[in-house]
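Chemist: I have a structure here, written as structure tokens, and I will follow up with some questions on it.
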Amino acid sequence: MNYRVQPTAQVDETAEIGAGSSVWELAQIREQARLGEGCVVGRGAYVGTGVRIGDNVKIQNYALVYEPAELADGVFIGPSVVLTNDHNPRSVDPDGKQKRGGDWEAVGVKIAEGASLGARSVAVAPVRIGRWAMIAAGAVVTKDVPDFALVVGVPARQVGWVGHAGVKLVESAGEPGVWECPQTGARYRETGESTLIEADRVMS
């Protein structure tokens, strides 16, 4: 075994755990879930049936990742984050009978490469969170989030852009639509409504 699982964690025998990954105390990983290499699943975290997780993903303590969520490489899930899977949740059907697994259709949250969700934020499925986006602590995401977007609040709204370093970008003086990272100096450019890409892809 080339990964680490603490004795109190529950990992189903059909789950796949990539090399170098760690599953900490009281975490639960359900049937057919797949974790890539170098992942960290914190204390008390939950990974649902069939969830797909890329490489180098961090799922912090007590986060709940319900199926059929998909997390790409380098995603960060903060403490007590919730990824839901039912847009119209009910315990019982209209006749008062308790709903079972086959009585509703699960919808998932898709999180693209490098995106981060702050502590206690909630993503209400079905939504997609774009590449390198940053979801502020406590935010409630109810619609798709663009690549590199910084969103805050309930419901979440965009208040700016972030770069690969996670630092809020500042607009370049004299270059409308060009944004710079104050930490790394990396440049990004808006290419349309709610769209940002790395500047070296469009600038010489």
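Chemist: Taking segment 25-39, which residues are surrounded by fewer than 19 Cβ atoms within 10 Å (Cβ to Cβ) and over 18 Å from Val82 (Cβ atoms)? So that I can check it myself, show each step before the final result.
Modeler: Here is the first cut: in segment 25-39, the residues surrounded by fewer than 19 Cβ atoms within 10 Å (Cβ to Cβ) are 25-26, 28, 31-32, 34, 37-38.
Selection gives Glu25, Glu31, Gln32, Arg34, Glu37, Gly38.
Chemist: Let me ask something additional. Got a sec? Which of Gly160, Gly96 is over 26 Å from Gly50 (Cα atoms), more than 11 Å from the chain's Cα centre (by Cα) and assigned to a loop (DSSP other than H, G, I, E, B)?
Modeler: Values: Gly160 fails: assigned to a loop (DSSP other than H, G, I, E, B).
The match here is Gly96.
Chemist: Does segment 43-57 contain any residue that is more than 18 Å from the chain's Cα centre (by Cα) and basic (Lys, Arg)?
Modeler: Checking segment 43-57: not a single residue is more than 18 Å from the chain's Cα centre (by Cα) and basic (Lys, Arg).
Chemist: Taking the options Ala186, Ala119, Ala133, Ala125, name whichever one is small (Gly, Ala, Ser) and not assigned by TED's automatic domain parsing to the domain that holds Val75.
Modeler: Working: Ala119 fails: not assigned by TED's automatic domain parsing to the domain that holds Val75; Ala133 fails: not assigned by TED's automatic domain parsing to the domain that holds Val75; Ala125 fails: not assigned by TED's automatic domain parsing to the domain that holds Val75.
Criteria check complete, one pass: Ala186.
Chemist: Scan segment 83-97 and tell me whether some residue there is free of Cβ contacts under 8 Å to residues at least 40 places away in the same chain and touching a strand residue (DSSP E or B) at 6+ places or on another chain (Cβ under 7 Å).
Modeler: Applying the first criterion (free of Cβ contacts under 8 Å to residues at least 40 places away in the same chain) to segment 83-97 yields 86-97.
Still in the running and touching a strand residue (DSSP E or B) at 6+ places or on another chain (Cβ under 7 Å): 91-92.
Within segment 83-97, one or more residues are free of Cβ contacts under 8 Å to residues at least 40 places away in the same chain and touching a strand residue (DSSP E or B) at 6+ places or on another chain (Cβ under 7 Å).
Chemist: Condition first: hydroxyl-bearing (Ser, Thr, Tyr) and in a strand (DSSP E or B). Now tell me which residues in segment 32-83 satisfy that.
Modeler: Matches in segment 32-83: Tyr46 only.
The values are calculated or read from the model by the stated rules, or taken from the named source; none is laboratory data. Bear in mind the structure is a predicted one, so any value in this text is a computation, not a measurement. Here Cβ is always computed from backbone atoms with ideal geometry, including for glycine, and neighbour counts include all displayed protein chains.
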